[in-house]
Amino acid sequence: MKIGISCYPTFGGSGVVASELGMGLAERGHEVHFITYAVPGRLNLYRPGVYYHEVSVPDYPLFEYPPYSLALASKMAEVGEREHLHIIHAHYAIPHAASALLARDMLNGKIKVITTLHGTDITLVGRDPSFLPITRHSIEKSDGVTAVSVFLRDEVCRTFTCEVDVKVIYNFIDPRDFERLNPAPVRQRFAPNGEKLLVHVSNFRPVKRITDVVEIFLQVRKTTPTKLVLVGAGPELAHAEQLARRGCADRDLVILGNTESVAEIVAACDVMLLPSETESFGLAALEAMACGVPVVATEVGGLPEVVDHGKTGFLFPVGDVSAMTAATLELLSDEKAHQKMGNAAREAANSQFPISKILDQYENLYRSVAI
């Protein structure tokens with residue numbers, strides 16, 4: 001099949017999933033065309049069958065805000081017609097699904113639209129109800145709709161509509177990406193004296209509760225030589241650095257920003273901290289599990305569908321820093337228990353969320369709507 005994919009080309013979970021999905025589909029012989037304003041961070045354009053089409057938005061004085069959604073729709077229609085696309089897979093309702101629906105109309109229904117909801121679709125409407133009509137329209141008029149967790153599917157039903165059959169297709173990992181990781185160089189670089197390494201990966205928005213991440217780190221550091229590794233970038237990152245400095249721990253804070261080497265970094269760490277206020281799925285948790293790294297997180301959103309409390313990680317109520325600190329110290333002080341949980345986490349990630357299983361589900365969905 002010939003498939004178009006549109007996503008936010010960022011280091012966030014949706015961009016990662018879209019990129020890995022596209023490369024996986026290309027590996028299976030499909031022709032995949034990415035349509036967005038920049039090359040997604042995880043996308044390898046050297047892969048056979050993978051193509052990129054840049055959306056450019058003209059700087060026209062009449063528009064106070066450049067109409068990206070219209071430029072995107074126009075590019076989708078152009079690529080769809082020229083490349084004879086069968087499917088446009090839009091990641092997020094706004095603007096990608098809305099633009100894809102417009103492109104479908106421009107092509108007189110010659111393409112089908114699949115929309116995958118990642119979670120911000122819901123919170124966007126929560127922050128600004130004016131987006132509710134267009135988001136509902138995008139969901140209801142798509143030829144197929146998926147959500148990345150049961151939690152998110154239920155939220156869609158509560159917030160928008162129960163008329164649409166929203167299929168749950170989980171996010172995933174490619175086990176091959178985690179088979180030959182060598183944590184030694186990273187540990188030597190950041191923990192030369194045998195310090196423990198805590199890691200947090202996110203876009204550093206307020207919902208990630210970065211204050212809790214730093215507080216757990218500061219409490220653990222009181223009894224155990226520890227460093228905190230922060231991967232990603234966002235508005236709360238500077239605040240995290242200030243908190244660490246206030247706690248006289250800024251020298252034990254490692255800030256790496258956005259990087260393509262996330263797996264290598266996480267695999268070298270001892271515990272993943274993810275005390276979020278909400279998570280639609282928790283891709284950072286899944287990737288940590290694939291690295292054999294136990295997760296200490298909150299019991300919210302889709303995280304209980306990923307992390308098995310007491311077996312592959314620990315889950316606690318939002319804001320329960322003391323419980324998360326105690327669980328982290330327990331893992332760091334008991335090597336056998338840590339290894340057992342890490343092995344269980346890796347096994348669960350590889351058996352429950354492999355890319356092969358998810359590709360099968362998306363291929364079946366594509367075929368069902370393309371008939």
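The values are calculated or read from the model by the stated rules, or taken from the named source; none is laboratory data. What you see is a predicted model, and the numbers here were worked out from it, not measured in a lab. As a convention, Cβ positions derive from the backbone with ideal geometry for all residues, glycine included, and neighbour counts pool all protein chains shown.
What the table below lists for this structure:
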quantity: Members of the range 161-172 found to be under 13 Å from GLY119 (Cα atoms) and surrounded by 22 or more Cβ atoms within 10 Å (Cβ to Cβ), listed by number; calculated: ASN171
quantity: Looking only at the range 121-133, and only at residues there that are touching a helix residue (DSSP H, G or I) at 6+ places or on another chain (Cβ under 6 Å) and modelled with pLDDT of 85 or more, the one that is farthest from THR159 (Cα to Cα); calculated: PHE131
quantity: Residue within the range 50-59 that is within 20 Å of SER356 (Cα to Cα) and either out of contact with any strand residue (DSSP E or B) (no Cβ under 7 Å at 6 or more places or on another chain) or at pLDDT below 95 (or both) present; calculated: no
quantity: Cβ-Cβ under 7 Å pairs, at least 6 apart or on other chains, the range 36-63 side in contact (Cβ under 8 Å) with a residue 40 or more places away in the chain, far side among the hydrophobic types (A, V, I, L, M, F, W, C); calculated: GLY41/PHE11; ARG42/VAL16
quantity: Qualifying residues in the range 134-174 (those that are basic (Lys, Arg) and closer than 26 Å to ASN350 by Cα) - the one modelled with the highest pLDDT; calculated: LYS167
quantity: Residue count for the range 125-155, restricted to those that are among the acidic types (Asp, Glu) and either in contact (Cβ under 8 Å) with a residue 24 or more places away in the chain or closer than 10 Å to ALA98 by Cβ (or both); calculated: 3
quantity: Matching residues in the range 216-232 - criterion: being touching a Phe, Trp or Tyr at 6+ places or on another chain (Cβ under 8 Å) and either farther than 25 Å from SER261 by Cα or charged (D, E, K, R) (or both); calculated: LYS227
quantity: Sole exception among (1) over 23 Å from the mean Cα position of the chain (by Cα); (2) over 30 Å from GLU287 (Cβ atoms) for PRO48, by number; calculated: (2)
quantity: Single residue of the range 13-49 satisfying the filter (charged (D, E, K, R) and within 15 Å of ASP174 (Cα to Cα)) that is modelled with the lowest pLDDT; calculated: ARG42
quantity: Lone qualifier among ALA267, ALA249, ALA240, ALA244 - being aliphatic (A, V, I, L, M), in contact (Cβ under 8 Å) with a residue 12 or more places away in the chain and within 23 Å of PRO183 (Cα to Cα); calculated: ALA267
quantity: Unmet criterion (only one of (1) in a strand (DSSP E or B); (2) surrounded by fewer than 21 Cβ atoms within 10 Å (Cβ to Cβ); (3) of a type in the set (Val, Ile, Thr)) for THR123; calculated: (1)
